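So the structure is just underneath, and the comments pick up after that.
The values are calculated or read from the model by the stated rules, or taken from the named source; none is laboratory data. Note that the structure is a prediction, hence the values are computed from the model and not measured. So basically every Cβ, Gly included, is an ideal-geometry build from the backbone, and we count neighbours across all protein chains shown.
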Amino acid sequence: MLELRLVQGSLLKKVLEAIKDLVNDANFDCSGTGFSLQAMDSSHVALVALLLRSEGFEHYRCDRNLSMGMNLGNMSKMLRCAGNDDIITIKADDGSDTVTFMFESPDQDKIADFEMKLMDIDSEHLGIPDSEYQAIVRMPSSEFSRICKDLSSIGDTVIISVTKEGVKFSTAGDIGTANIVCRQNKTTDKPEDSTIIEMQEPVSLTFALRYMNSFTKASPLSDQVTISLSSELPVVVEYKIGEMGYIRFYLAPKIEEDEEMKFPQ
Amino acid sequence: MLELRLVQGSLLKKVLEAIKDLVNDANFDCSGTGFSLQAMDSSHVALVALLLRSEGFEHYRCDRNLSMGMNLGNMSKMLRCAGNDDIITIKADDGSDTVTFMFESPDQDKIADFEMKLMDIDSEHLGIPDSEYQAIVRMPSSEFSRICKDLSSIGDTVIISVTKEGVKFSTAGDIGTANIVCRQNKTTDKPEDSTIIEMQEPVSLTFALRYMNSFTKASPLSDQVTISLSSELPVVVEYKIGEMGYIRFYLAPKIEEDEEMKFPQ
Amino acid sequence: MLELRLVQGSLLKKVLEAIKDLVNDANFDCSGTGFSLQAMDSSHVALVALLLRSEGFEHYRCDRNLSMGMNLGNMSKMLRCAGNDDIITIKADDGSDTVTFMFESPDQDKIADFEMKLMDIDSEHLGIPDSEYQAIVRMPSSEFSRICKDLSSIGDTVIISVTKEGVKFSTAGDIGTANIVCRQNKTTDKPEDSTIIEMQEPVSLTFALRYMNSFTKASPLSDQVTISLSSELPVVVEYKIGEMGYIRFYLAPKIEEDEEMKFPQ
């Protein structure tokens, strides 16, 4: 039996909004550690990893490890029916082919049960090794989102270049070129506005803006985004989910034009 | 001669927004009692009845009973040109085939006259008998609107079940099922948030969500909606219009799947 | 070399939003006097004239007169990437076929360079003589915008009639007719809400609403609009741009139905 009660239910709503356009179907894995997901987008170019640690739930009961295949579009339809202040409980009986989402309004006057059919989804869990990155940029998530959106009106790819002074986002297209530089800024009175660069060596990598724009849908989850870059590795775009976990997007850099480095199938 | 002056013109704007998508053409009936309308939707499944009592108008002159056929889409186009704070006057000369809507801004600096052609519309006035209902639910109109919208993302019909404890809205569709329970709640400090159930006996009826969603467009007219249910009768969904009247929607319950109880043609 | 630095960069953003749908390509003319543009819409019915005086720029360097052909749609795409509080600098090297827009955030933490290709555009500069107008109406730009939009839901043309008492906007269409009268109102405590009429003689002229609605996209630039009317002349619809200039739209009145007075080609 599974019963996970999340007082701040809006977090789960935001998680679904962040990933439902990137991934159609995925297995949610439940264990003593937490509620997690790892899935690739349909073109096998981007990977998303989600973790909500068990400590972050008000009540967390998971009698045995469980993998629940869900259609994220349908799951999102149901979670949209939860109010932003609702408490959300995820429930599943052992061996059942359904999952139930329960939404309780703060005053307990309205209680909703949404039951969704589960799916069988083949998926292989990729081991993602901890890596050293040449450069790690932490910046306001809204700023990163705005930059990716702005550059998309000019070109299709973004070159992210990190030096000690700052991070540069560049693109080029039919109508011209664009460069946006964000300087390091360790403002301490408003830490959520700071831009902090940890750099071992300068790095410059190219990515498809389409995916970056998809990742930035996670911006409502966190004021800050962390971008970890190395020339040999997929970029990691990470949004913290309060104190309880994270959502991480991995995207392989573009090596040559019209060629995408793919994850193993 | 007809001249009806409504200081709170926004009420008339909201009435039109509430019914224009349900009914294309309808006769507005003017008498000493008030300004009223009774009309069926084009599929003859739902009925709308509107009453604006003469006492609610600042000035109400209606020399003889008059029935004015209007296209509600065109009427809505004109009323949208009135400001939300404008005073609206409806004027018609005896025997004229036009009606004039006059909009005065609160400071009288802007005065608009919109003249619309009238239509000849055949319509029979249904006598709606006063009935006893098995259950009457009064609840926040925004809550009812949200529930109908949410359930529409799962299924096509809603089962409304009333017990002493509360009212349950249920649906089912391809992706799963949903149940939303609102408990009786006689909160007195904020009467507009209360949910009050008057029940003679438990009742459970099925309705098309498409129509319910159409009715909820009247929500801006009133904080509360009243839903009157009996197993032998069409449901009545009523929104009060201030102190001056009401808009009532009638919808026959679904008896079997794919069959709609129709009003006599 | 050209370098124009505009602290209130949002003005340039608003200018582009005001004219980009009316004019596709146009030459921006740079001289010691200021940064200006004169262009006709593609159907040669409306003319737009823009002036941003050099004194309005924080820094204005223009070594020699320069005419830069730009696609306004592309220019607008780039300016939309500037924040509303950004400082915008327009830069061009002598003989270069590109122009650069630089956007600096107020705290200087984010600096963007957008480089756009210039175009060769044939254009003839029309001399617009200073004229005496029979009537000049100054009114709130939001009011004028609302009136043009409202009348468009009824008809295609607007008759603007000025008398000493006020200005009347009229239209007619299939569903009826509309007249909106704005009275002269020299309110002094809120000058931006005033409607002031200077009239030599009554005038009544007909214009295509499609163009008027296009002109009103300049409303965010100014609280007030000035409409100058004479029976022999194109109407001038003018929006001041702060203290530094103006945007003026010229539209020839309709003489007979289905005939538009055109500017010389």
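Would you be able to say whether some residue in the range B:63-84 is among the charged types (D, E, K, R), without any contact (Cβ under 8 Å) to a residue 12 or more places away in the chain and either under 26 Å from C:Val181 (Cβ atoms) or within 14 Å of another protein chain (Cβ to nearest Cβ) (or both)?
Scanning the range B:63-84 turns up at least one residue that is among the charged types (D, E, K, R), without any contact (Cβ under 8 Å) to a residue 12 or more places away in the chain and either under 26 Å from C:Val181 (Cβ atoms) or within 14 Å of another protein chain (Cβ to nearest Cβ) (or both).
Could you tell me which residue of the range A:166-204 is surrounded by the most Cβ atoms within 10 Å (Cβ to Cβ), considering only residues that are charged (D, E, K, R) and farther than 17 Å from C:Asp113 by Cα?
The extreme case among them is A:Asp193.
Evaluate the range A:40-57: report whether one residue or more is surrounded by fewer than 20 Cβ atoms within 10 Å (Cβ to Cβ) and closer than 17 Å to A:Thr98 by Cα.
no
If I ask for residues that are within 27 Å of B:Tyr211 (Cα to Cα) and either of a type in the set (D, E, K, R) or free of Cβ contacts under 8 Å to residues at least 40 places away in the same chain (or both), which ones from the range B:1-29 would you list?
B:Lys13, B:Lys14, B:Glu17, B:Lys20, B:Asp21, B:Asp25, B:Asp29
Scan the range B:229-252 for residues that are touching a Ser or Thr at 6+ places or on another chain (Cβ under 6 Å), of a type outside the set (Val, Ile, Thr) and assigned to a strand (DSSP E or B) and report the count.
Counting residues in the range B:229-252 that are touching a Ser or Thr at 6+ places or on another chain (Cβ under 6 Å), of a type outside the set (Val, Ile, Thr) and assigned to a strand (DSSP E or B) gives 3.
Please tell me if A:Asp223 is farther than 30 Å from C:Ser96 by Cβ and free of Cβ contacts under 8 Å to residues at least 24 places away in the same chain.
Answer is no for this residue.
Could you check how many residues of the range B:190-201 are under 19 Å from B:Tyr239 (Cβ atoms) and more than 13 Å from chain A (Cβ to nearest Cβ)?
Going through the range B:190-201 one residue at a time, the tally reaches 3.
Among the residues of the range C:85-110, how many are acidic (Asp, Glu), facing another protein chain (nearest Cβ under 9 Å) and surrounded by 15 or more Cβ atoms within 10 Å (Cβ to Cβ)?
Selection size over the range C:85-110: 1.
If the requirement is being in a loop (DSSP other than H, G, I, E, B) and either within 14 Å of chain B (Cβ to nearest Cβ) or more than 30 Å from B:Leu72 (Cβ to Cβ) (or both), which of these qualifies: C:Thr171, C:Thr226, C:Thr177, C:Thr187?
So the residue among C:Thr171, C:Thr226, C:Thr177, C:Thr187 that is in a loop (DSSP other than H, G, I, E, B) and either within 14 Å of chain B (Cβ to nearest Cβ) or more than 30 Å from B:Leu72 (Cβ to Cβ) (or both) is C:Thr187.
B:Asp113: in a strand (DSSP E or B), of a type in the set (D, E, K, R) and within 11 Å of chain C (Cβ to nearest Cβ), yes or no?
For B:Asp113, the condition - in a strand (DSSP E or B), of a type in the set (D, E, K, R) and within 11 Å of chain C (Cβ to nearest Cβ) - is met.
Is at least one residue of the range C:79-102 under 19 Å from the mean Cα position of the chain (by Cα) and of a type in the set (A, V, I, L, M)?
Yes, the range C:79-102 contains at least one residue that is under 19 Å from the mean Cα position of the chain (by Cα) and of a type in the set (A, V, I, L, M).
Is at least one residue of the range C:132-148 more than 13 Å from every other protein chain (Cβ to nearest Cβ), at pLDDT 95 or above and more than 30 Å from C:Asp29 (Cβ to Cβ)?
Checked the range C:132-148: at least one residue is more than 13 Å from every other protein chain (Cβ to nearest Cβ), at pLDDT 95 or above and more than 30 Å from C:Asp29 (Cβ to Cβ).
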